[in-house]
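First comes the structure, then the notes that go with it.
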Amino acid sequence: MARTLALPVPGPVIGLVLLFAVLIIRGKAPVSLTHTANGLLDYLSLLYVPAGVGIMVNFALIQKEWPAILLTLILSLTLTLIITAFVMRWLIRMLAAKAAQRRVSHG
């Protein structure tokens, strides 16, 4: 779907958005989906094993490059917090404006 529509978004992201939309429309998850999701959640911790092994295998490189890694983490965290704050501020203003517009049109 991403290639067909030439969207700059990965296919799995589109799939998650479509699943979310269907679940919102339905109002609840089907029993089969709930059962499958719970089965996957039981083994979620296994997904951290490859990352842990990667850290141990590359420990010498991480030890050598830790200042750059730390700086990158700090900068990315700071940028994420700033962008999140601006988005939240924009959403709060937008929702307040919509609520005021509804009060004016209904009252």
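Among residues of segment 1-18 being in a helix (DSSP H, G or I) and under 14 Å from the mean Cα position of the chain (by Cα), the one that is nearest to ALA37 (Cα to Cα) is LEU16. State all residues of segment 42-63 that are surrounded by 10 or more Cβ atoms within 10 Å (Cβ to Cβ), assigned to a helix (DSSP H, G or I) and not hydrophobic (A, V, I, L, M, F, W, C); if no residue qualifies, say none. Correct list: GLY54 only.
Only the coordinates and a few stated rules stand behind these numbers; no lab work does. Please read all numbers here as calculations on a predicted model, not as lab measurements. Heads up, the Cβs are rebuilt from the backbone with ideal geometry, glycines too, and the neighbour counts pull from every protein chain shown.
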